[in-house]
Amino acid sequence: MGDNRFRNVYPAVPVRLFAVNYPLWKAISKVVVPAVGGASLLFFKLCQDYRIYPTRYHMDDLLEKYKNRPVLTVCNHMSCLDEPMLLSVLLRYRRILLNWETIRWVPGAYEICYEGSYPKRLFMSFGKTVSCIRGDGIYQPCMDFCINRLNTNHPVHLFVEGKVNDTPNLIRIKWGVGRVVQDTLEPPVIIPFIHKGMETILPLQRATPLPGKRFTAVVGEPIDTTPLLEQCRKFSFSRPATRKYITDIVQFELEKLNEKANNLHGNR
């Protein structure tokens, strides 16, 4: 993992520091991830009215169930605060504190996460965020890196809309999710979820989060992509057709969850 193929997933951070098997990088990351996760969880518990469906730790239970499979989580993107807040509220804190290997890797937009000061870039890298260049397509190093992580059973999360969308409706999700599923060595399990309310905690034009808001998350049933890929092979789908087929299925499942989440959040 220290090779130059992934040099630009952590811009301006030396290869020897961001290599995921490098002891110093991992040691610092193991401090940053639980510290940020703990602070985020404390903020939620003290300042927000939050509810998770179907159960409080359904996401955590699913990660445990599929711990020997590549796991790809996908959701909508309502606020710049989605990371790291979602991580803290959906998982048991002992996982965040003690099971660093099972904490997701997530692409983050370069212009938001990696432009600016050097300490900011370091902080983002220690939080297991990788630089994604919007507009560079599905074959950029960031996506290769995510596939590499899934191939070693490290969970990956994708904000599949590709940008912040603070409206009640989903926009067309990106084909990157299809490419990741298609090129991972073992077909991953996809865990979809939808969340509502983060756009009121940190609106787009605001720099600091607001207390006293409602937050709702609905975790869906896992999607085993093995039969989906077998279906594509059976009917000799082309690579673009396979990507579209997988992406369409994820979009369909997210749309169903979105309708449910809108109802649950609106009726609180």
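Numbers at a glance
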quantity	calculated
Qualifying residue in the stretch 215-222 (condition: without any contact (Cβ under 8 Å) to a residue 60 or more places away in the chain, touching a Pro at 6+ places or on another chain (Cβ under 7 Å) and surrounded by 19 or more Cβ atoms within 10 Å (Cβ to Cβ))	yes
Enumeration of residues in the stretch 17-43 that are of a type outside the set (Gly, Ala, Ser), surrounded by fewer than 17 Cβ atoms within 10 Å (Cβ to Cβ) and assigned to a helix (DSSP H, G or I)	17, 23, 24, 26, 28, 30, 31, 42
Answer residue from the stretch 121-150, given it is part of a loop (DSSP other than H, G, I, E, B) and aliphatic (A, V, I, L, M) and is least open to solvent (accessible area, probe 1.4 Å) among those	138
Failed condition for residue 242, given (1) open to solvent by 50 Å² or more (accessible area, probe 1.4 Å); (2) part of a helix (DSSP H, G or I); (3) farther than 25 Å from residue 43 by Cα; (4) of a type outside the set (D, E, K, R)	(1)
Single match in 173, 96 (criterion: crowded, with 18+ Cβ neighbours inside 10 Å, among the aliphatic types (A, V, I, L, M) and not in a helix (DSSP H, G or I))	173
The stretch 99-120, subset in a helix (DSSP H, G or I) and open to solvent by 80 Å² or more (accessible area, probe 1.4 Å), residue modelled with the lowest pLDDT	118
Residue count, the stretch 151-168 (criterion: open to solvent by less than 40 Å² (accessible area, probe 1.4 Å) and not small (Gly, Ala, Ser))	10
Counted residues, the stretch 47-93 - those being aliphatic (A, V, I, L, M) and either outside any helix (DSSP H, G or I) or touching a Pro at 6+ places or on another chain (Cβ under 8 Å) (or both)	9
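Okay, residues lined up against (1) more than 30 Å from residue 67 (Cβ to Cβ); (2) touching a His at 6+ places or on another chain (Cβ under 9 Å); (3) aliphatic (A, V, I, L, M):
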position	(1), (2), (3)
200	yes, no, no
207	yes, no, yes
211	yes, no, no
220	no, no, no
232	no, no, no
247	no, no, no
250	no, no, yes
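The values are calculated or read from the model by the stated rules, or taken from the named source; none is laboratory data. Please read all numbers here as calculations on a predicted model, not as lab measurements. Don't worry about glycine lacking a Cβ; one is built from the backbone with ideal geometry, like all the others, and counts go over all protein chains shown. Surface areas here come from the heavy atoms of the whole protein model, side chains and all, with no ligands, DNA or RNA. Shrake-Rupley method; radii C 1.70, N 1.55, O 1.52, S 1.80 Å.
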